[in-house]
Structure formats: C-alpha cells, structure tokens
Amino acid sequence: MQSYNKDDTKEEYVRVLDYLPYGHPSDTRPVYQKRPVIQAIGEEHLSLLEIVPKKGKKADPYDRLYVGRGLRDVADYVKRRISYDDLTNAAKMELLNVIEEIVKDNEGRFIEFFNKSDSITPRFHHLEIIPGIGKKLMWKIIEERNKSPFTSFKDIEARVTTLYHPEKLIARRIEEEIREDNIKYRTFVKPFVKQTEFKKS
C-alpha cells in the first residue's frame, strides 16, 4: 500500500469533471463576487480539486489541464482539495469514466499493481481489493505473473481469460476509495482531510 506525505496532493495535470461558470452552488456570496470554478481529478495522486480558471477561460469534461508551477494556459490557481460530497451531480456522473481514461493513459503504473502486489494478511491478498477478483482469479494472476510479468491490460486479459477489462476494475476501486471515507486497505488515493483553501500560486 502507498505511504503518504504532506505533498501528496500536489498535481501537475488534472482531468476536468465539471465547469461551473457561476461558482459552486454552496457558495452563498453574491453572484458578482463569485468566480467560475472547475472540478477536476489529478492524474498522479487522484485528488479531487477545485480550480479557478483564468479570466475568459473555460473547460469541458475530460479536458486535460496543467496546474503545476509556471505558465498555465487555463488554470489560474488550485483553490482547494475537495471531497466526493463536494462534487456536483454532473461531476459524479463523469467521475468513473474520467478515472478509467487516466488508468488507460497510465497503463504501466497500474500494471505494476498486478505484477507486484503481495499479501496484506495471511488470508487476504492485495489483489483481492479489486472488484471482481476473488481467490480463484487471484491465484491465476499470481501463477501467470510468476511465469513472466504482465506488460499491458491486453496481456492480462489474454493470459487470465476470465478477467475482463482490468482497467475498468481498477477504475472502480479508485472511485470507491474516493467515495468512501472508511474503506479498508486504501491503496490508490490519499484519504481526504478537510483543509483551508490553498494559497494562490
């Protein structure tokens, strides 16, 4: 499982979930005081973020935005990290599909999970946190990776013929870790801790 430190919410790139031209509905300030916000998920740490765009800029779901240090095209600054409950209904509807896109675009990173995961307890293997993977599939995955490491999601499907769309299963687990505060054996997403807004940078 991952270990976390205070810098683990820093993201370089995000994928857009929703664009709110009049700010978040929970913001009770007068409309003239509000700025548009973007709800997005980070590619590296899978943190949910609220981003203030530059004046005159907007974003659409699935857009990839740079939010790291230096020149940014769309993002003005990252306002804060948010929880699943802070997402709009539209963002929640897009979340799983956007996560799946991130997983597919970072295939090697998630293939490592299938190749290197180990037992968590004497009776429970790390592979079993993935929805749809029980003991039988777990042992088949271990048997195949012991022959040679997996190289892609297609390679996993070809060699473990009863495991379909492993990228979708990984995405479902990530969504669960984002959605559920008290999930056991958290692996991919740092637990959400409510915080004050980030300083503009």
Quick one: pull the percentage of alpha-carbon pairs in region 77-138 with a separation above 18 Å.
58 percent
Only Lys, Arg, Asp and Glu count, each charged at its Cβ (+1, +1, -1, -1), so figure out the dipole size of region 1-148 about its Cα centre, rounded to 20 debye.
280 debye
Quick one: angle between helix 107-116 and the longest Cα principal axis of the chain, in degrees between 0 and 90, rounded to 10, please.
40 degrees
Explain nothing, just compute: Karplus ³J(HN,Hα) = 6.51 cos²θ - 1.76 cosθ + 1.60, θ = phi - 60°, for every residue of region 180-189 in order, whole Hz, x for Gly and Pro.
10, 5, 10, 5, 7, 6, 4, 10, 9, 10
Can you list the chymotrypsin sites (Phe, Trp or Tyr not before Pro) in region 6-62 that are in a DSSP coil and have 13 or fewer other beta carbons within 10 angstrom?
TYR22, TYR62
Out of LEU169, PHE110, GLY68, whose Cα points farthest toward the positive end of the dipole of the chain (charges: +1 Lys, Arg; -1 Asp, Glu; placed on Cβ)?
GLY68
Hey, any idea what the orientation-averaged projected area of the convex hull of region 104-179's Cα atoms comes to, in nm²?
5.0 nm²
Cα long-axis angle, helix 135-147 against the chain (0 to 90 degrees, to the nearest 10)
80 degrees
To the nearest 10 degrees, how steep is helix 89-105 against the longest Cα principal axis of the chain, on a 0 to 90 scale?
50 degrees
Relative contact order for region 95-201: what is it in percent, counting Cα pairs under 8 Å that are at least 6 residues apart?
28 percent
nm² value of the averaged projected area, convex hull over the Cα atoms of the chain:
12.3 nm²
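Every read-out reported here was derived from the displayed coordinates using simple, explicitly stated rules and does not represent laboratory data. Quantities reported herein were computed from a predicted structural model and do not represent experimental measurements. Glycine gets a Cβ as well: all are built from the backbone with ideal geometry, and neighbour counts include every protein chain shown.
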